[in-house]
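Beneath this line is the structure, given in structure tokens, with notes to follow.
The values are calculated or read from the model by the stated rules, or taken from the named source; none is laboratory data. As the structure is a computational prediction, the values presented were derived from the model and not from experiment. FYI the Cβ positions are ideal-geometry reconstructions off the backbone, even for glycines, and counts take in every protein chain you see. Note: accessible area is taken over every heavy atom of the protein model, side chains too, but ligands, DNA and RNA are not part of it. Shrake-Rupley method; radii C 1.70, N 1.55, O 1.52, S 1.80 Å.
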Amino acid sequence: FPESGARENKKMQLLFQCPRQGCGTRFLVEYVHAHDMRSNAHFFAAKSIYPESHKEAPIADGISEISPSFVKILQQATIADSKSLKEISGIGFRKALEFLIKDYCIHKDPSKAAVIRGSFLGACINDFVSDANVKDCATRAAWLGNDEAHYERLWTSHDVADLKTLIQLTQNWIANELLTKKYRDELTRYTCA
């Protein structure tokens, strides 16, 4: 290692290739010089991996069919969140929630699509969501989502992590409702002739 002063800015990049058969993906790892004061050891520590990857947000069954826009926006907000872009990820999650709720309400009552599209999110939840669990979770997610868009926070003890949890709960309740309806419609009482 070079003398002190020159080594602080030392970086190293290595190109790797996945050894799994059928994969072979190449990726670059950037390392930076590090120093352990206790042992006085010098080493390189991984700093970044390119291309960057992120874990996709889970999507409940049936949700992508009724709201593909929700899925797209949610995944983009998840990417922002994974990069610690907390100031914009919250607004993205709030937007995803609005698309989920409005698409869900339009799915349930297509004749009111124009009114639903033009409604504020809170009014849409109050006026068009009948399931109590969906309504409760979506209302609370909207409250936290609005905090992400405004100058002053009303819910100071909650953050984006709580918003993500409430969105996940909302989509799970919607998925449960859709799946329940599907089986109610498909499996009616069997009668012998």
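From the list 59, 106, which residue is in a loop (DSSP other than H, G, I, E, B) and hydrophobic (A, V, I, L, M, F, W, C)? Let's see the steps before the verdict.
Details: 106 fails: in a loop (DSSP other than H, G, I, E, B).
Of 59, 106, the one residue that is in a loop (DSSP other than H, G, I, E, B) and hydrophobic (A, V, I, L, M, F, W, C) is 59.
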Going by the conditions given, is residue 138 in contact with a helix residue (DSSP H, G or I) (Cβ under 7 Å, 6 or more places away or on another chain) and without any contact (Cβ under 8 Å) to a residue 60 or more places away in the chain? yes
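Being surrounded by fewer than 10 Cβ atoms within 10 Å (Cβ to Cβ), among the aliphatic types (A, V, I, L, M) and in contact with a Lys or Arg (Cβ under 7 Å, 6 or more places away or on another chain), is that true of even one residue in segment 5-22?
Residues of segment 5-22 surrounded by fewer than 10 Cβ atoms within 10 Å (Cβ to Cβ): 5, 9, 15, 19-22.
So of that shortlist, the ones also among the aliphatic types (A, V, I, L, M) come out as 15.
Right, trim to in contact with a Lys or Arg (Cβ under 7 Å, 6 or more places away or on another chain) and you get 15.
For segment 5-22, residues surrounded by fewer than 10 Cβ atoms within 10 Å (Cβ to Cβ), among the aliphatic types (A, V, I, L, M) and in contact with a Lys or Arg (Cβ under 7 Å, 6 or more places away or on another chain): present.
If you check 43, 93, which single one turns out to be under 11 Å from the mean Cα position of the chain (by Cα) and either hydrophobic (A, V, I, L, M, F, W, C) or outside any helix (DSSP H, G or I) (or both)?
On the way: 43 fails: under 11 Å from the mean Cα position of the chain (by Cα).
That would be 93, the only listed residue that is under 11 Å from the mean Cα position of the chain (by Cα) and either hydrophobic (A, V, I, L, M, F, W, C) or outside any helix (DSSP H, G or I) (or both).
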Going by the structure shown, is residue 188 polar (S, T, N, Q), in a helix (DSSP H, G or I) and modelled with pLDDT under 95? no
Restricting attention to segment 37-74, the residues that are of a type in the set (D, E, K, R), surrounded by fewer than 11 Cβ atoms within 10 Å (Cβ to Cβ) and free of Cβ contacts under 8 Å to residues at least 24 places away in the same chain number exactly 1
So which residues in segment 146-179 are open to solvent by 60 Å² or more (accessible area, probe 1.4 Å), more than 24 Å from residue 56 (Cβ to Cβ) and either assigned to a helix (DSSP H, G or I) or not β-branched (Val, Ile, Thr) (or both), if there are any at all? 150, 151, 152, 153, 154, 155, 157
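Residues 77, 34: which one is surrounded by 12 or more Cβ atoms within 10 Å (Cβ to Cβ) and under 29 Å from the mean Cα position of the chain (by Cα)? Give the derivation first.
Working: 34 fails: under 29 Å from the mean Cα position of the chain (by Cα).
None of the other options fit; the residue is 77.
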Here is a list of conditions, (1) in a helix (DSSP H, G or I); (2) at pLDDT 95 or above; (3) open to solvent by 40 Å² or more (accessible area, probe 1.4 Å), and residue 100 meets all of them except one; can you say which number that is? (3)
Of the numbered conditions (1) under 29 Å from residue 121 (Cα atoms); (2) surrounded by 11 or more Cβ atoms within 10 Å (Cβ to Cβ), residue 84 fails exactly one; give the number of that condition. (2)
Just the residues that are in a helix (DSSP H, G or I) and charged (D, E, K, R), please, taken from segment 127-145. 127, 135, 136, 140
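Which of the following residues is modelled with pLDDT under 95 and β-branched (Val, Ile, Thr): 156, 170? Give the steps one after another, and end with the answer.
On the way: 170 fails: modelled with pLDDT under 95.
Checking each option against the conditions leaves just 156.
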Does residue 57 satisfy the condition of being of a type in the set (A, V, I, L, M) and at pLDDT 95 or above? no
